[in-house]
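Everything on this sheet refers to the single structure shown next.
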Amino acid sequence: MRLPRLPLSGLPVPGLDRMPFVSSPSPADTNRRVLVTGGASGLGLALATAFLERGDRVMVADLAATDDRPDSLPADARYVRLDVRSEEEWQAARAEVEQTWGGLDVLVNNAGIAQGGRIEYLTEEDWRLITDINLLGVARGCRTFVPMLKAQGRGHLVNTASLAGLVHPPTMASYTAVKAAVVAISETLRWELEPFGVDVSVLCPSFFRTNLASSLNSSDPAASGFASKLIDRSERGADEIAAEVMTGLDAKRFLILPDPDARKAYRGKRFMPAAYAKTMLGMGQKFARATGGS
């Protein structure tokens with residue numbers, strides 16, 4: 001998401017300074033075995049491509065049948081069918097990884113859907129769907145592969161959340177709730193798995209140009225239209241976000257804020273709470289006016 005500019009340019013925050021849109025190969029850390037869920041489009045595809053370009057071995061998981069490999073995938077990427085809602089398909093993906101590579105170095109839990117809506121418009125089914133995919137999908141992935149990573153004594157869990165997991169604007173209650181939970185799961189696992197040599201990172205980008213708008217699920221058309229505009233108007237695309245993510249992964253950062261808007265918004269909430277609250281109230285009032293106060 002993008003917030004109006006806040007006067008933060010003179011505020012030094014270690015680890016949150018702007019990183020360049022570059023990803024330099026690390027010779028000591030190539031040829032990794034990488035599984036990317038939701039990897040046939042959007043950020044997942046950009047990340048899969050970035051890993052391949054660095055010399056890693058990549059298996060993409062998505063909803064198409066295994067024998068109906070998506071045309072979007074790079075030729076040297078492997079493919080497996082995986083609906084992250086299915087425990088059986090997670091186990092099948094693990095079996096495929098073990099048979100193909102004998103282990104895994106990086107799991108990228110990226111599959112997800114977008115959703116927006118005022119609280120009175122969101123149905124119980126809306127909440128169930130986004131929780132099952134965006135939250136429990138991550139939990140299932142971690143539960144499936146953590147035993148393998150712990151047994152190896154190494155590995156990296158990478159969970160895609162969103163700036164919405166840290167900054168919570170109006171009309172996005174279900175989306176912010178599950179993304180905040182992904183951040184929380186990731187932090188817990190950071191401390192839980194460090195003794196076993198397993199690293200954890202959580203990705204929190206703001207809105208960027210992607211096909212996520214096409215998957216936007218909402219029982220509140222006014223709110224979904226607002227979110228679609230933020231996605232479509234972004235100055236950055238998935239490839240740019242992926243390049244900065246790779247830089248963050250090289251540094252083994254836990255919290256990766258891969259674009260300037262995300263870093264500014266997070267700084268604003270942490271260090272200028274009054275300005276942050278004023279901005280959020282303004283967003284709520286603007287939306288209320290646009291929808292006639294309904």
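Tabulated data for the structure shown
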quantity: Single residue of Ala92, Ala164, Ala111 found to be open to solvent by 50 Å² or more (accessible area, probe 1.4 Å) and either part of a helix (DSSP H, G or I) or touching a residue at least 40 places away in the same chain (Cβ under 8 Å) (or both); calculated: Ala92
quantity: Test: Leu203 is out of contact with any Ser or Thr (no Cβ under 7 Å at 6 or more places or on another chain) and either at pLDDT 80 or above or open to solvent by 30 Å² or more (accessible area, probe 1.4 Å) (or both); calculated: no
quantity: Every residue from the stretch 174-210 that is assigned to a helix (DSSP H, G or I), touching a Lys or Arg at 6+ places or on another chain (Cβ under 8 Å) and not aromatic (Phe, Trp, Tyr); calculated: Leu193
quantity: The stretch 170-209 - residue that is of a type in the set (Ser, Thr, Tyr) and in contact (Cβ under 8 Å) with a residue 24 or more places away in the chain and, of those, nearest to Gly248 (Cα to Cα); calculated: Ser201
quantity: Selected residue (only one of Ala251, Ala242 is surrounded by fewer than 20 Cβ atoms within 10 Å (Cβ to Cβ), modelled with pLDDT of 95 or more and more than 20 Å from Thr176 (Cβ to Cβ)); calculated: Ala251
quantity: Single unsatisfied condition, Gly116 versus (1) in contact with a Leu (Cβ under 9 Å, 6 or more places away or on another chain); (2) within 28 Å of Gly282 (Cβ to Cβ); (3) without any contact (Cβ under 8 Å) to a residue 60 or more places away in the chain; calculated: (3)
quantity: Matching residues in the stretch 114-138 - criterion: being among the charged types (D, E, K, R), surrounded by 15 or more Cβ atoms within 10 Å (Cβ to Cβ) and closer than 19 Å to Thr171 by Cα; calculated: Arg118, Asp126
quantity: Residues of the stretch 66-89 classified as touching a Gly at 6+ places or on another chain (Cβ under 7 Å) and either farther than 21 Å from Lys179 by Cα or open to solvent by 20 Å² or more (accessible area, probe 1.4 Å) (or both), total; calculated: 1
quantity: Scan of the stretch 1-60 for residues that are closer than 18 Å to Phe254 by Cα, at pLDDT 50 or above, open to solvent by 40 Å² or more (accessible area, probe 1.4 Å) and in contact with a helix residue (DSSP H, G or I) (Cβ under 6 Å, 6 or more places away or on another chain), ordered by number; calculated: none
quantity: The stretch 255-290: number of residues that are assigned to a loop (DSSP other than H, G, I, E, B) and open to solvent by 30 Å² or more (accessible area, probe 1.4 Å); calculated: 1
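The values are calculated or read from the model by the stated rules, or taken from the named source; none is laboratory data. Because the structure is a prediction, the values reported are computed rather than measured. Here Cβ is always computed from backbone atoms with ideal geometry, including for glycine, and neighbour counts include all displayed protein chains. Only protein heavy atoms, including side chains, enter the accessible area calculation; ligands, DNA and RNA are left aside. Shrake-Rupley method; radii C 1.70, N 1.55, O 1.52, S 1.80 Å.
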